[in-house]
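Enquirer: After the structure tokens below, expect a handful of questions from me.
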Amino acid sequence: METIQGVKLNEGERAAPVLPRDIQSDELVFNMGPQHPSTHGVLRLMLRTDGEVVLEAQPLIGNLHRCCEKILENLTYVQGLPYVDRMDYLGAINMEMGLVLPVEKAAGVEVPKRAQYLRVVMCELNRVISHLFAAGQFGLDMGAFTPFLYMFREREEGINVLNEITGGRLLYHYIRYGGVTRDVPKGWIERCLKWCDRVDEHMDEYNSLLTYNHIFLNRTCGVAVLDKETCLDYGVTGPILRAAGVPRDLRKDMPYSCYEDFDFDVPVGPFEKGVAGDSWNRHRQRLREAEESIKIIRQALKNLPEGETQHPKVTRAWKAPAGEAYVASEAPRGEISAYFVSDGGKFPYRMRMRGPSFYNIAVLETCSRGLLIGDLIALMGSVDITLGEVDR
Amino acid sequence: MMTPAAALQEALPDAVVEVIEDGTHPFVRVQGEKIVEAARVLREKCGAEMLHQVSGMDFEDRYEVVYHFARLASPAEFFCLKVSLPRDNPQLPSLANEWRAANWGERETWDLMGIRFIGHPHHYRILLSEDWVGHPLRKDYQMPTSYHGIDCTK
């Protein structure tokens, strides 16, 4: 096992250059964040460093804590829905999905097929938008400003597509218990498909600008490797786990909301460059997943069934009967799940939400040891956290 | 692959308190002091590779800690273990040395629900500040009216 200045490195991790023996260096403890541009929000990292080498990094979270679970206990079912949008504000519809699925399972609500398809379309749209944002933001962290603007161009148009149907640009409040709030407007399907074509066309552009850029490759290949065992140990899910070589995707493994009807692949790392679970593979994983999401959107819109978009019995004053359920679904950043318990009352008795970023970010403690400070930025950018969901 | 109920009844017959195998949420309730052994059985006999979620629950007569484990191999599934704890001084052994996912999950449960985990390597609050009084997710929690001289009632 390779060590650097007394810190053991994980297998495949790159050792930072060691200082010559005759130079005396001192340990320094300082804060990175909560107002640091590359911490993607209000994350505070307590760093213990020796020169440029990180000996220890401790994430200190909670700056954005609102106690979402307590809020949900004090609101009726319909009132509580917009609050989960604020958890992962970049994947808001996927958060709504995570909330409604266990409640519908516990209450035995059968959602109309058209609503299930619309949910899939919106979730995948949101996933593409979120992955474009994550990839662009990662490039920005690595010093590549231009690709960020290219990805934001398509993201902006995607937001307009979502805006047209939901009336929101970031927080949508689209999925509702027993269905969705609105049916598609006239001509929307064509506009959505046109946007899908545009993203597909520009995927090569993103890859040549950023993914296979030499500077970017040197900066991210083999940097901050998160291996399979560490991921499973820490409960890391989503693109990070798949980039580490585990073919775990809840849309395939435990299909919900008619995902079994669609034909799509689950991309699994390692890809063309680097080693499994390094920063580059995590980035590549997101762009590959965005391509697959586009495939799902096309299929769902092509086969969109006719019919209702809302279960007739689930009205504004609806409440779930006594019961409990645990359902997980695939959000852009990992597996969102909720453990829902109802006593039959007006409010949910308990709604325990799992934020995927909460578990993903805990891995920073182990994975950051022995990295250069610059590579820590690569780690954080490629793990792609949303602090709203970490702190809930 | 064995079901969690069968595996636990075979390996730890004394620790199993209650088994629910049908309905929307099957679970096995085990004794609090045997939780580490029970989790190991799930890992070895049922293929539970990941600790998915740690939840603290407050029912009027008891506290509960609910663990959800995930099997990644086909058929993918979630397993649930429940532990009932008394109202006064709820505590149970920590899983943080078995799964590092439990480290933050249990810290959050301590922070928001006030359940102690014995043997946890870093037993501090995680989301709230260290000087916070009380555990907000308890049903009898009283909202503070001020924080460090800042009025919170408006």
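A short reminder: the numbers here are calculations on the coordinates, not readings from a lab. Everything numeric here is computed off the predicted structure, so don't read it as measured data. Cβ: placed from backbone, ideal geometry, glycine included. Neighbour counts: every protein chain shown.
Enquirer: What list of ³J(HN,Hα) couplings, whole Hz, do you get for segment A:177-190 from phi and the Karplus terms 6.51, -1.76, 1.60, once you set θ to phi - 60° and write x for glycine and proline?
Expert: For segment A:177-190, the Karplus-derived couplings read 4, x, x, 10, 6, 9, 7, 6, x, 5, x, 5, 4, 5 Hz, x marking Gly and Pro.
Enquirer: Treating only the Cβ of Lys, Arg, Asp and Glu as charged (+1, +1, -1, -1), what charge dipole size does segment B:4-128 show about its Cα centre? Round to the nearest 20 debye.
Expert: I would put it at about 380 debye.
Enquirer: Shifting gears a bit: Just want the answer: with Cβ charges of +1 for Lys and Arg and -1 for Asp and Glu, which residue in B:Gly114, B:Pro4, A:Leu55 is farthest toward the dipole's positive end in the protein assembly as shown?
Expert: Farthest towards the positive end: B:Gly114.
Enquirer: Using only Cα atoms and rounding to the nearest 10 degrees, what angle (0 to 90) does helix B:101-113 make with the longest principal axis of chain B?
Expert: Taking the Cα atoms of chain B, the angle to B:101-113 is about 40 degrees.
Enquirer: Next question, about the same structure. Provide, for q = 0.10, 0.12 Å⁻¹, the log10 of I(q)/I(0) from a solvent-free Debye sum over equal Cα point scatterers in the protein assembly as shown.
Expert: The computed values of log10 I(q)/I(0) come out as -0.83, -1.21.
Enquirer: Please identify the trypsin sites (Lys or Arg not before Pro) of segment A:254-340 that satisfy two criteria: DSSP loop assignment and at most 12 other Cβ atoms within 10 Å. Which are they?
Expert: The qualifying sites are A:Lys313, A:Arg316.
Enquirer: How far is helix A:146-166 tilted off the main Cα axis of chain A, in degrees rounded to 10, range 0 to 90?
Expert: Rounded to the nearest ten degrees, it is 20.
Enquirer: Which percent of the Cα-Cα distances in segment B:4-128 go past 26 Å?
Expert: 16
Enquirer: Once you've got the GNM for chain A with C-alpha springs shorter than 10 Å, pick whichever of A:Ala322, A:Ala135, A:Ala115 has the biggest mean-square fluctuation.
Expert: A:Ala322
Enquirer: Then there is this: Near A:Lys186, which lysines are there with a Cα under 30 Å away, not counting those fewer than 8 places off in the same chain?
Expert: A:Lys113, A:Lys194, A:Lys295, A:Lys302, A:Lys313
Enquirer: Compute the projected area of the convex hull of the Cα atoms of segment A:309-377, averaged over all viewing directions, and report it in nm² to one decimal place.
Expert: 7.3
Enquirer: Same structure, new question: Roughly how many whole Å is it from the C-alpha centroid of segment A:264-296 to that of segment A:141-199?
Expert: Cα centroid of segment A:264-296 versus Cα centroid of segment A:141-199: 21 Å apart.
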